[in-house]
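The values are calculated or read from the model by the stated rules, or taken from the named source; none is laboratory data. Small disclaimer: the values here were computed from a predicted structure and weren't measured. Don't worry about glycine lacking a Cβ; one is built from the backbone with ideal geometry, like all the others, and counts go over all protein chains shown.
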Amino acid sequence: MSENKSGVQEAMQKFGRFLSAMVMPNIGAFIAWGFITALFIPAGWLPNESLAELVGPMAKWLLPLLIGFTGGEVVYGHRGGVVGAIATSGIIVGTDIPMFMGAMIMGPIGGVVIKKFDEAAQDSIPGGFEMLVNNFSAGILGGALAVLAYEIVGPLVLGLTEVLRSAVAVIVNAGMLPLASVIIEPAKILFLNNAINHGIFTPLGMQQVQELGKSMFFLLEPNPGPGLGVLLAYTLFGSGSAKASAPGAIIIHFFGGIHEIYFPYVLMKPTLILAVIAGGVSGVAVLSMFDGGLIAPAAPGSFIAVMAMTPPGGYFANIAAIVVAAGVSFAVSSIFIKATAKADEEDSLAEAQANMKAMKAASKGVETEKQVEGKDIKFIVYACDAGMGSSALGAAALRKKLHKDGYNNITVKNFAIGSIPKDAQIVVSHEKLAQRAIDDSPQAEHIFVQDFTRNNVYDMISARLKGVTTTEAPAEAAPEEKVKEGVLLMENVVVGCKSVSKEEAIQAAGERLFKSGYVEKPYIEGMLARERDISTYIGKGISIPHGENAVKQYVKKSGIVVMQYPQGVQFGDNVAHLIVGIAGKDNDHLAILANIAMTMDECSDEELNNLYTTKDPKVLYDMFTKG
């Protein structure tokens, strides 16, 4: 029984953290919206009719779209995020209230749908049609989900909102006002705070204020006390990023009136809903006891706005309601946060131990997470941020070595992180990309390297394969790699360049890719950003600068440029004599990368030196396009 209960609690926590993960990365946008609201609305600090027009569109469009994108991205990277945002647009158009909850539904659905499609179609797409299929599938499925959201999900969410409104109205009419918090506080956590406040309490409050000059209804939902108590408990007894960010959230919540900022903290530990309910009930009880209330809605729900709307003689009651609500919420939150502190510390310890293991192994050049038996190795993936340069070169080098030793039954391919196939058994990625690779392919063994080409990955895999027969029929032999015409043009092999900084060399390679029609201009900045993140120097005097994943859409067609620097270009402690700029699309460039990998393995120092100093571009052209 206890095990079952523990499993339910764990599931709730995971679900809460998943919901929280959609909101936390976008807290900056909530803060921007909150400040604009607090400053420029008619009841704000600096009322401005023109600037106040920003408030509505930001709440209706910007914030839900960001949540929807993030929800899809959590499930399936950038591609999932795009489809999640498209799906979210349908639910936004179909309703009149800010659709935060709808976005938290449609965003992940969009990510799941496109992920399942890619998994089903990945082996059926003809070579060269990948980009076409990717774009059309995202557009068609995203559009279909937007229609579904507009026609079905939107009305369901509105129906749920109406049910909550009716439930609160029944409690109020029955004279049990404090119990309204049993519905108000959970509804707020689901981002229905504005619907509850302005849909129920503002109309009731306006009617009451005409009779009494003030109304408690204006302070039921805006009371900052329950949220303040939760954030204070995290500040004192929390751990990790939640503890570190809570003090800043207190300022935004209490003085800025942006209640949405504390919702993710409750979602991380769903049992804290009981804390905010207790705080809300206590605050309303104090309001009733001391006859508190406001003369108009407090928008936003900050302490400053509440004080501004408090009638003369009502300050004690309203402040007492806030203080009691915060105190009760803090007391209950502290119990729950302390109760789970040990587990949180163990999770943090486990994460720290894993990181330590990664760093320790990285110092030796490689790390493995779990082992696949040698006889079972069929599919190895090299993964980098963009999936076009470093990983392709590493995959080509490993594939060549395996096939040379007769292991033709092992498939080695390269992919971008975010698109790693779920049947990958071993994933090789850079140590700086470790966590992203693990998140994308938790089923695989992971090998983290400091360099995609200079590592002992082959030695590790070969050691496991010793004694395994290599005469069996290939399960999926790698296709013959041939250089596609136009990928490397003779005119794009430039020799005798004068030494410059690595940034200038990368810029020059990018400009040549642009002038040759392979990429659009923004791709060049992506090449520089990639170098700032992880060096593209691959050894033996060669660097292969290419764009990061964020600028992949600016690749128009596959192309490579080769620029020779006889005196060299400094890449940290290394010197590159050949700068090979890469724009990869539809895998047309992989044959040239395979040739570069073979060149590195097979060329003697004398032959390499000839490549570094030759004045004949055809020598380099022939080397990189051979076969």
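Identify all residues within the range 98-125 that are part of a helix (DSSP H, G or I) and β-branched (Val, Ile, Thr); write none if there are none. Once the filter is applied, which keeps residues that are part of a helix (DSSP H, G or I) and β-branched (Val, Ile, Thr), the range 98-125 yields Ile105, Ile109, Val112, Val113, Ile114. Within the range 90-121, the set of residues being loosely packed, with under 15 Cβ neighbours inside 10 Å and more than 30 Å from Glu260 (Cβ to Cβ) comprises Lys116, Glu119, Ala120, Ala121.
Look at the range 320-333: where a residue is in a helix (DSSP H, G or I) and a partner is among the hydroxyl-bearing types (Ser, Thr, Tyr), sitting 6+ places away or on another chain with Cβ atoms under 7 Å, you get Val324/Ser282; Ala325/Ser282; Val328/Ser282. All of Gly213, Gly225, Gly199, Gly142 fail the test of being modelled with pLDDT of 85 or more, in the same structural domain as Gly313 (by TED's automatic domain parsing) and either of a type in the set (Gly, Ala, Ser) or touching a Lys or Arg at 6+ places or on another chain (Cβ under 8 Å) (or both), apart from Gly225.
So which residues in the range 528-542 are over 18 Å from Asn609 (Cβ atoms) and in contact (Cβ under 8 Å) with a residue 40 or more places away in the chain, if there are any at all?
As a first pass, look at the range 528-542 and keep what is over 18 Å from Asn609 (Cβ atoms): 528-536.
Arg530, Asp533, Ile534, Thr536 - these are the residues of the range 528-542 that are over 18 Å from Asn609 (Cβ atoms) and in contact (Cβ under 8 Å) with a residue 40 or more places away in the chain.
Considering only residues in the range 490-545 that are modelled with pLDDT of 85 or more and acidic (Asp, Glu), the one that is farthest from Pro566 (Cα to Cα) turns out to be Glu520. Within the range 215-255, the residues that satisfy the criterion of being of a type in the set (S, T, N, Q) and over 26 Å from the mean Cα position of the chain (by Cα) are Ser215, Asn223.
Does Val449 meet the test of being at pLDDT below 80, of a type in the set (A, V, I, L, M) and touching a strand residue (DSSP E or B) at 6+ places or on another chain (Cβ under 7 Å)? Before the answer, list the steps.
On the way: at pLDDT below 80: yes; of a type in the set (A, V, I, L, M): yes; touching a strand residue (DSSP E or B) at 6+ places or on another chain (Cβ under 7 Å): yes.
So Val449 passes the test.
Residue pairs whose Cβ atoms lie under 6 Å apart, separated by 6 or more positions or on different chains, with the first residue in the range 226-250 and at positive phi and the second surrounded by fewer than 19 Cβ atoms within 10 Å (Cβ to Cβ) and at pLDDT below 90, are Gly240/Ser348.
In the condition set (1) surrounded by 21 or more Cβ atoms within 10 Å (Cβ to Cβ); (2) under 16 Å from Leu228 (Cβ atoms); (3) free of Cβ contacts under 8 Å to residues at least 60 places away in the same chain, Thr310 is compliant with all but (2).
Collect the residues in the range 134-158 that are among the small types (Gly, Ala, Ser) and more than 18 Å from Gly81 (Cβ to Cβ), keeping them in residue-number order. Break it down stepwise before answering.
First, the residues of the range 134-158 that are among the small types (Gly, Ala, Ser): 137-139, 142-144, 146, 149, 154.
Once the filter is applied, which keeps residues that are among the small types (Gly, Ala, Ser) and more than 18 Å from Gly81 (Cβ to Cβ), the range 134-158 yields only Gly154.
Being in contact with a helix residue (DSSP H, G or I) (Cβ under 8 Å, 6 or more places away or on another chain), in a helix (DSSP H, G or I), within 27 Å of Arg436 (Cα to Cα) and free of Cβ contacts under 8 Å to residues at least 60 places away in the same chain holds for only one residue in Leu65, Leu54, and it is Leu65. Looking at the structure I just gave you, is Phe35 aromatic (Phe, Trp, Tyr), within 24 Å of Pro186 (Cβ to Cβ) and modelled with pLDDT under 75? When the stated conditions are applied, Phe35 does not pass them.
Tallying residues that are surrounded by fewer than 17 Cβ atoms within 10 Å (Cβ to Cβ) and either part of a loop (DSSP other than H, G, I, E, B) or touching a strand residue (DSSP E or B) at 6+ places or on another chain (Cβ under 7 Å) (or both) within the range 501-529 yields 4.
Give the range 416-445 a look and list any residue that's part of a strand (DSSP E or B), at pLDDT 80 or above and in contact with an Asp or Glu (Cβ under 9 Å, 6 or more places away or on another chain), or say none. So that I can check it myself, show each step before the final result.
First, pick out the residues of the range 416-445 that are part of a strand (DSSP E or B): 416, 426-430, 445.
This time we only want the ones that are at pLDDT 80 or above, so: 426-428, 445.
Within the range 416-445, Ile426, Val427, Glu445 qualify.
Phe336 fulfils the conditions (1) buried (at least 23 other Cβ atoms within 10 Å of the Cβ); (2) at pLDDT 75 or above; (3) part of a helix (DSSP H, G or I) except for a single criterion, (1). Residues in the range 530-550 that are surrounded by fewer than 24 Cβ atoms within 10 Å (Cβ to Cβ) and in a loop (DSSP other than H, G, I, E, B): 5 in all.
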